[in-house]
């Protein structure tokens, strides 16, 4: 499937800013999905697939399906140039030690996962150990994406900018592909999406001042958070959200609906959006 700019609805009235062709390294969109039928996944892939870069299996739901079914869904996503993330399942594996983590990485590769998220929101792990897992993922030929929080597990009331910055810099130095910034402690409590007047904007800006934008992946559990991040950093910010928000994020990035965002990319209003179907 290829979307030519001239074929898009209303393109002769107001052009939109087209994303870079896949594979992209900035302006990435990842969405979470639970264990669903292939038909459900097709619902958004075959309409908005060109605007989607990766899909994350959430809450360990890949464990509920057979290996064959997991491979089938992952292969379908690959056929649309969409990568697949393991989600936070590694948190259930890490307490069992190094060998369990190695087997998890190996099976993830065998099942067609491209990205290994190294989560630590619920399990305490040292920065050094997280860096060791980053290197193990790289050795397996996969993309390590450590999750960084602004607090320690079990102590969500104590938010530390220095903790988040130190951890992000350390895992990137170890070779992390991207860093996932957990929204808890910044925009929400337990991913509930707090009122905007309670957001920790200072932490966001201090992280952004220290870490290159292309290396950061921001979690945005609501449309309001996603729009704020796009307005704050421009359409090339990397975002992770629910699959129900994919259309909103694509629209905000493209300038298809009125926001406070503009893109000054070369030939931004001309081109095409591609997928491989």
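So the values come out like this:
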read-out: Relative contact order computed over the chain (Cα-Cα under 8 Å; 6+ residues apart), in percent; value: 25 percent
read-out: Pairwise centroid distance, computed over Cα atoms, of segment 11-82 with segment 187-254, Å; value: 19 Å
read-out: Extension gain from residue 20 to residue 98, taking 0.36 nm per residue of separation minus the Cα-Cα distance; value: 24.2 nm
read-out: Convex hull of Cα atoms in segment 2-274, direction-averaged projection (nm²); value: 14.1 nm²
read-out: The chain: most fluctuating residue of 236, 129, 53 per GNM, C-alpha cutoff 10 Å; value: 129
read-out: Volume of the Cα convex hull of segment 1-123, divided per residue and given in Å³; value: 119 Å³
read-out: Max mean-square fluctuation residue, GNM over the chain, Cα-Cα springs under 10 Å, options 210, 32, 102; value: 210
read-out: Cα gyration tensor shape of segment 38-101, rounded if a/c is under 1.5, else prolate or oblate by comparing a/b with b/c; value: prolate
read-out: Length released on extending from residue 46 to residue 161, taking residue separation times 0.36 nm less the Cα-Cα span; value: 37.4 nm
read-out: Theoretical gain in end-to-end length, residue 8 to residue 232 [0.36 nm per residue, Cα-Cα removed]; value: 77.9 nm
read-out: Fewest-first ranking of 135, 178, 22, 145, using other Cβ atoms within 10 Å as the exposure measure; value: 135, 22, 178, 145
read-out: DSSP-defined antiparallel bridges as percent of all bridges, the chain, nearest 5; value: 15 percent
read-out: Gaussian network model of the chain, springs between alpha carbon atoms under 10 Å - residue of 121, 34, 173 with greatest fluctuation; value: 173
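Just so you know, all these numbers are worked out from the coordinates, no wet-lab data involved. The shown structure was predicted, so the numbers you read here are calculated from the model rather than taken from an experiment. Here the Cβ is made from the backbone with ideal geometry for all residues, glycine too, and neighbour counts use every protein chain on show.
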